[in-house]
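Read-outs: derived from the displayed coordinates by stated rules, not from any lab. Just so it is clear, the structure is predicted and the values come from calculations on it, not from any experiment. Don't worry about glycine lacking a Cβ; one is built from the backbone with ideal geometry, like all the others, and counts go over all protein chains shown.
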Amino acid sequence: MDEVRVRIAPSPSGNLHIGTARTALFNYLFAKKNNGKYILRIEDTDAERTSQAYIDNIFDSLKALGLKWDEGPDVGGDFGPYTQSERFDIYPKYAQILLDKGFAYECFCTPEELEAEKEEASKNKQAYVYSKKCENLTESQKAQLRAEGRKPAVRFSVSKAQQAFHNSSILHFDDLVKGDLHQDTSLIGDFVIMKSNGTPTYNFAVVIDDMLMKISHIIRGEDHISNTFKQILIYEALGADIPKFGHLGMILAPDRSKLSKRHGATAVSEFVEKGYLTEALLNFVALLGWSPSDGAEIKTLDEIAQDFRIGEVSSSNSIFEYDKLNWMNGQYIKKMDIKELTKLAIPFIKKHNLAELTEEQLEKVIAATREPITVLSELEHDTSYFFGKDIEYDEGVKEENIDTEQAQNILKYFASQLETYDFDVPEKLHQQMADFRTYFKENYGIKPKVTMWTIRAALTGRTRGADMGVILEVLGKDKVKYRIEKAIA
Ligand code: GLU
């Protein structure tokens, strides 16, 4: 087989969608598996919907996911430029080839004329296809229209291409994911390939670029299947090799509707802002339509690349289970290198006065609070008692864990012993706390964990949280004293 070359071709009309991230991942995996090249192309022909901020977001998100491209706008390559708006001089040449071969024609219809055709079709309850009114204009008719100031678009003649290369009007192709797919091309209608303003339409630009960039396999969402039939006809009309196509099922929300903002985050950057790790996101989207051979779901990108086969990708839609993503993110948070995790956590806890802690202390705090969380944004609340002098009590904690006679006795005894506690030597402090618990067990029959609940409540305002050793160590004697005394008062 010739070199495998695949591409991801996002249109910068929004931030990088999680569905595009999956398409990018599957292309990346396919390239890795086949020692091929994975290419990034920016499809920005629609100037009105394009913005630099979206382009930046696409770059940043793909990079953050670790899906490094071999060729692209920033890294270059032999087939650039890789941004469509920088290729505008290329497309008219190929449109001219199609005009010369008779597979395309100039269309002078105005938007109003086209609208009228569409209305007529809808009145007759017919699917709209262009009337081909302009296909057989004579040179003098065209000159006349030009003289009126009309600028032509270029339309592709579906019927001419179909008749030239196929015996029937049914066009087939063998999809890598979905198997045989076909369409009656008489329903397609002659479509515009170059607009009257001289810019290409998506279906045309994509074929020219995929052809010139020698793309061998096109893996993308199934919402493009209807485009694929048009694109195959263009390849044939140009006499070009047709790449292989693989169409992925859609990603649906848990209610089986299209995944949209009302279900939660949809862009990779939004997920990151909410505290999802890119490793977890990538692992999660890999499982939307693909399953590892050993059934184990937590996989690194390298492990997935080893195991991935495009033919095993499910042809049906996948459901985006936010609960599962949360679980998976929690797994990644638990096992991530603590230095790295702390760095990622900082933006989520910057409401606190981070300068109060050393780097080492902050790492201890994150290590001690990461266990139960599923997204990093939970850390703001879960680490709050490590900062500042005063704390807020959770509901009922004061009444149940501080204000009772037993609790007050525990706190007062703790306060009386505090001066003797060695906060600088953790092992020693650990032993002193054990002795403290034993004292209440032996003298008053109070369970050690009840004794510690009281201390925890006084120091954190909560009945659950980080390991007590870490709390004492990080707060230090002065803050501990202040909070215990406050709880007694
Ligand atoms: N620019 C197209 C999109 O974002 C790419 C489609 C394709 O992969 O051909 O949907």
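Ranked by how many other Cβ atoms sit within 10 Å of their own Cβ, fewest first, the residues 5, 437 fall in the order 437, 5. Would you please state which residues of region 450-487 a label at residue 371 would reach in this model, taking the label point 7 Å out along Cα→Cβ and a backbone N cut-off of under 13 Å? Within reach of a label on residue 371, which here means backbone N under 13 Å from a point 7 Å along Cα→Cβ, region 450-487 contributes 464-471. For residue 323 and residue 123, a Förster radius of 45 Å and the Cβ-Cβ distance give a FRET efficiency of 0.40, rounded to the nearest 0.05. At an R0 of 56 angstrom, the distance between the Cβ atoms of residue 442 and residue 252 translates into a FRET efficiency of 0.40. Excluding same-chain neighbours fewer than eight residues apart, the aspartates and glutamates reachable from residue 133 by a Cα-Cα span under 17 Å are 106, 112, 113, 115, 117, 119, 120, 190.
Coupling constants for region 41-51 follow from the phi torsions by the Karplus curve (6.51 cos²θ - 1.76 cosθ + 1.60, θ = phi - 60°), and in residue order they are 10, 9, 9, 10, 6, 8, 4, 5, 9, 8, 9 Hz; glycine and proline get x. Between residue 489 and residue 380, the distance separating the two model label sites (each 7 Å from Cα on the Cα→Cβ line) works out to 3.0 nm.
Calculated FRET efficiency, residue 452 to residue 294, Cβ-Cβ distance, R0 = 41 Å: about 0.45 to the nearest 0.05.
The loop-placed trypsin sites (Lys or Arg not before Pro) in region 450-489, going by DSSP, that have at most 15 neighbouring Cβ atoms within 10 Å of their Cβ come out as 464.
Is the shape of region 153-227 rounded, prolate or oblate, going by the alpha carbon gyration tensor and its root eigenvalues a ≥ b ≥ c, with a/c under 1.5 for rounded and a/b larger than b/c for prolate? Oblate is the answer for region 153-227, as a/c is 1.5 or above yet b/c matches or exceeds a/b.
Distance from the alpha carbon centroid of region 213-269 to that of region 448-482 works out to 55 angstrom.
Based on Cα atoms of region 270-339, Rg over Rh with Rh as the Kirkwood radius reads 0.97. Residues whose amide H lies under 5 Å from that of residue 176, counting only those 5 or more places away or on a different chain, are 245, 246, 247; hydrogens are built 1.01 Å from N in the peptide plane.
A viscosity of 0.890 mPa s and a temperature of 25 °C, combined with the Kirkwood radius over C-alpha pairs in the Stokes-Einstein formula, give the chain a diffusion coefficient of 90 µm²/s. Sequence-distant contacts, meaning Cα pairs under 8 Å at least 6 residues apart, place the relative contact order of region 200-319 at 26 percent. What fraction, in whole percent, of alpha-carbon pairs in region 113-245 exceed 23 Å separation? That fraction is 41 percent. Sparsely packed loop sites in region 306-370 (the trypsin sites (Lys or Arg not before Pro) outside DSSP H, G, I, E and B with at most 13 other Cβ atoms within 10 Å) comprise 309, 350, 351.
Give the separation of the Cα centroids, region 371-391 to region 21-55, in Å. One Cα centre to the other: 37 Å. Subtracting the Cα-Cα distance of residue 146 and residue 403 from 0.36 nm times their residue separation leaves 83.4 nm of extension gain.
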